[in-house]
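Okay, structure first, notes after.
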Amino acid sequence: MSEANHKHTHGARHVAIIMDGNGRWAKKRFLPHAIGHKNGVEAVRRTVRAAGELGLEALTIYAFSSENWKRPESEVNDLMMLLRNYIQSDLDEFIANDVRLKVIGNYRDLAPDIVDLIDDAIAKTAHGKIVLAVALNYGSQDELVRVTRKIADMASSGEIKSDEINEALISNMLDTADMPPLDLLIRTSGEHRLSNFMLWQCAYTEMWFTDILWPDFGQEHLAQALQDFANRERRFGGR
Ligand code: IPE
Ligand code: IPE
Ligand code: MG
């Protein structure tokens, strides 16, 4: 990441996006949901490129929540097929653009061929500098339960004492452990909720909401969000 680039992020290192509104985008056009998701992938492509160009260190995108299994099986299948295609078609571009793929969430519960594709892409992009973290089968409460179980096991084996459990320990055990703190969270489609996304990580994150539906999102919106971020006064509880 060059210094020249970094100034376009206005100091933000890590941005996360709740990519919402694919269904409504399709509905407005009397198209099937699947077409909304397909156009959503195009927006992902644009946004990943923009994140690199603007100079972000890390971009986290909420692609499939641990609650999205509640959707009709055909929609889940469509999303999984788009995910397969996306990883396969964009892997070379990730490598060329210095993107390191990372997954947050319990992705090992996805179909075995997707798990293999992900593991292969993670290995092949391991030396990339810009982190693209895709949240797959991710739920923040599930993430915290997984961490809590690990800590309970460490405590019962005597590896750790209860007074050694602190915020740093928990942060370092989350799926986001090796990422910079989350500076800015974007949610599209006019919804103002977290939907079980990065609850711990959002403690002091700035929030940016837009009515834009995800398939219409692009570089100009990310740049606008970062411009607005520049005008926020972050206090972290201080004065
Ligand atoms: C976001 O679009 C994509 C996923 C949740 C995978 P939605 O499918 O939630 O779109 P709306 O909310 O129905 O418009
Ligand atoms: C959040 O969007 C999940 C993703 C963007 C992957 P949803 O559309 O699932 O959230 P709710 O159900 O409206 O809260
Ligand atoms: Mg939605």
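The values are calculated or read from the model by the stated rules, or taken from the named source; none is laboratory data. Bear in mind the structure is a predicted one, so any value in this text is a computation, not a measurement. Using ideal geometry, Cβ is built from the backbone for each residue, glycine included, and neighbour counts are taken over all protein chains shown. Surface areas here come from the heavy atoms of the whole protein model, side chains and all, with no ligands, DNA or RNA. Shrake-Rupley method; radii C 1.70, N 1.55, O 1.52, S 1.80 Å.
What to note about this one:
- Among the numbered conditions (1) at negative phi; (2) in contact (Cβ under 8 Å) with a residue 12 or more places away in the chain, the only one that Asn137 does not meet is (1).
- Checking each residue in the stretch 21-32 for being assigned to a helix (DSSP H, G or I) and either surrounded by fewer than 21 Cβ atoms within 10 Å (Cβ to Cβ) or touching a Phe, Trp or Tyr at 6+ places or on another chain (Cβ under 6 Å) (or both) picks out Asn22, Gly23, Arg24, Lys27, Lys28.
- Of all residues in the stretch 175-202, those satisfying the criterion of being among the aliphatic types (A, V, I, L, M) and under 13 Å from Ala16 (Cβ atoms) are Met179, Leu182, Leu184, Leu185, Ile186, Leu194, Met198, Leu199.
- The C-beta contact set for the stretch 17-46 (first residue under 19 Å from Ser89 (Cα atoms), second residue open to solvent by 50 Å² or more (accessible area, probe 1.4 Å), distance under 7 angstrom, 6+ apart or interchain) comprises Ala34/Asp78; His37/Asp78; Arg46/Gln219.
- Among the residues of the stretch 33-53, not a single one is in a loop (DSSP other than H, G, I, E, B) and not basic (Lys, Arg).
- Just one of the listed residues (Val103, Val145, Val115, Val76) is free of Cβ contacts under 8 Å to residues at least 12 places away in the same chain, within 16 Å of ligand 2 (Cβ to nearest atom) and either open to solvent by less than 80 Å² (accessible area, probe 1.4 Å) or of a type in the set (A, V, I, L, M, F, W, C) (or both), and it is Val76.
- Tally of residues being out of contact with any Asp or Glu (no Cβ under 7 Å at 6 or more places or on another chain) and open to solvent by 20 Å² or more (accessible area, probe 1.4 Å) across the stretch 196-209: 7
- Given (1) more than 16 Å from ligand 1 (Cβ to nearest atom); (2) closer than 30 Å to Asp109 by Cβ; (3) touching a helix residue (DSSP H, G or I) at 6+ places or on another chain (Cβ under 9 Å); (4) of a type outside the set (Val, Ile, Thr), number of the condition Asn196 does not satisfy: (1)
- Qualifying residue in the stretch 97-117 (condition: of a type in the set (Gly, Ala, Ser) and touching a Leu at 6+ places or on another chain (Cβ under 8 Å)): yes
- Restricting Met154, Met81, Met173 to those that are at negative phi, open to solvent by 30 Å² or more (accessible area, probe 1.4 Å) and in a loop (DSSP other than H, G, I, E, B) reduces the list to Met173.
- Filtered residue count, the stretch 176-195, keeping only those that are crowded, with 16+ Cβ neighbours inside 10 Å, away from ligand 3 (no atom under 14 Å from the Cβ) and in a loop (DSSP other than H, G, I, E, B): 4
- Sole residue being part of a loop (DSSP other than H, G, I, E, B) and either open to solvent by less than 30 Å² (accessible area, probe 1.4 Å) or within 22 Å of Leu194 (Cα to Cα) (or both), chosen from Leu91, Leu56: Leu56
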